[in-house]
Every structure is written in C-alpha cells, then in structure tokens.
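As structure tokens, the structure follows; a few thoughts come after it.
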Amino acid sequence: MTIARFKDLCVDVSSPSEMAAFWGRVIGLTAPADNPNVLVGDAPEKTIWMCKVPEAKSVKNRVHLDIITGAIQNLERDGAKVLTPETEEQPWTVMTDPEGGEFCGFVRDTVPAYRLMELIVDSAEPEKQARWWADVVGGDFMSRPGTPYFWLENVPGLPFRYWVFVPVPEPKTVKNRVHWDVTAPALQPVLDAGATLLRPKDDEIGWHVCADPEGNEFCVFLPPPKEEAS
C-alpha cells in the first residue's frame, strides 16, 4: 500500500518560456497557447512546469533527466551543448541545457515521440533512497550485482521507465533545480515515513513543500476538502 503517487516534474529556470521551448523540442512535449511556461503531453503525469526563480544555477544538478535521441547533433541543434562526450566506458553524452543544467543524451536506433527515458538522483546512500521512495510511491526496487546504483521500475503514474539513484561523494548544498510533485490522500503518512515538512500550504501556495531523507525537495498535493452537507 503506497502513501503517494507521482504527479509531475518541475524545473527551476531563469527564462520559463525559452526553457519550455527547449525542453519541449528535446522531450517531445508542447506548451499550451495560453501558458507557454508549462509542457504537456498525452498524460497528466508528463507535465513539466518551468518555475521562474531569481537565483542562477551555481552547482552541478543533483537531479537530472536522461533523454533518448537519434543523434547528439540533434540535441545540439535544439540548443544543448556537449559537456562530456560518450566513451566506451560511458555510453552516454553529458550535456547542458541553455541555462547550464546538466542532462544526458542516449543515442538509440529507435527514437520514440516522447523521449524522456529516466530521472537520475545523486545520493549519499542510493540504496536507502531507492527503497524509501519505493515505499512512498510504489514500484519495483531494482539492483544489479556489482553496480553501486539502484533504481525503481513500474512506479504507478511514472511517465518514464526508470527512476535511478546513483552514489556521489559531494553533499547536497543548495535547493535542487529539478524536483517532482506527488499527490497523497493525506500529508501525515508522508511525514511519518520520514519526510520533512519545509513549508506548509498557505495563502500563497496550494501545496506542501517537503524533503526526502537526503533533503531532496518535493511537493505534496492533497485532495480538496469535501464540502460539508448543509
């Protein structure tokens, strides 16, 4: 029995409409005419919000997206830059978006219309992180002998195949520029599981801002209160 469900993704940016246009081209999503700052697809969970923030990117993203592409040159034409080319030991290309946010490009022979492959989360203790999120949102906890990373598959509502937690030596120092939202019937079970409440719902925001055990921010959306019978 899970206590929350994946809802959507959010990306902190300086220029929302420009970044929405970039990620729309890269992932295969579109921005509605009446709101150029959000991307939508054929399922609500594919929504990606571009959230304008005053602070610029200052450290390597601890959360990033992995993208399927037919050629790295396609991503460069869309506005990305190569940071670290693919090698035999590293079968992907590390790239940056127009605001310097890291993501990885994976070249495949078959490229789907929706090209978001997985979500990667840097972690001090990736196994604990993967197990914690599996308990919260469900899915299958996965590992491979001899590898230091862990991942989730078959997460209800997850609009990409893998949610991966990888080990890194450096600690988290600033707010993540990529985060995810969840829906939940109630907030308390999420907190009881080990989340920290950073900011409760108030007159300015209609959701609760929380952090997982390693400090990764996520937002919890609760159902609207039921109207009392007259």
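Only one of the listed residues (G146, G215, G157, G206) is small (G, A, S), in contact (Cβ under 8 Å) with a residue 40 or more places away in the chain and out of contact with any strand residue (DSSP E or B) (no Cβ under 7 Å at 6 or more places or on another chain). That residue is G215.
Of everything in segment 69-116, what is polar (S, T, N, Q), assigned to a strand (DSSP E or B) and surrounded by 15 or more Cβ atoms within 10 Å (Cβ to Cβ)? Give them in sequence order. Outline the logic, then answer.
Narrowing segment 69-116 to residues polar (S, T, N, Q): 69, 73-74, 84, 87, 90, 93, 96, 110.
Imposing the further condition that a residue be assigned to a strand (DSSP E or B) reduces the set to 69, 84, 93, 96.
Passing the criteria: T69, T93, T96.
Considering the conditions (1) open to solvent by less than 30 Å² (accessible area, probe 1.4 Å); (2) on the phi < 0 side of the Ramachandran plot; (3) part of a loop (DSSP other than H, G, I, E, B), G215 is excluded by exactly one of them, (2). When restricted to residues that are surrounded by fewer than 15 Cβ atoms within 10 Å (Cβ to Cβ) and within 11 Å of Y114 (Cβ to Cβ), segment 34-68 contains 2. For first residues located in segment 102-115 and under 18 Å from E86 (Cα atoms) and free of Cβ contacts under 8 Å to residues at least 60 places away in the same chain, partners that are open to solvent by 40 Å² or more (accessible area, probe 1.4 Å) and among the aromatic types (F, W, Y) and lie 6+ apart or on another chain with Cβ distances below 6 Å form the pairs C104/W92; F106/W92.
The values are calculated or read from the model by the stated rules, or taken from the named source; none is laboratory data. None of these values were measured; they are calculated from a predicted model. Because the Cβ atoms are built from the backbone with ideal geometry, glycine has one as well, and the counts that use them run over all protein chains shown. SASA here: full protein model, heavy atoms, side chains in, ligands and nucleic acids out. Shrake-Rupley method; radii C 1.70, N 1.55, O 1.52, S 1.80 Å.
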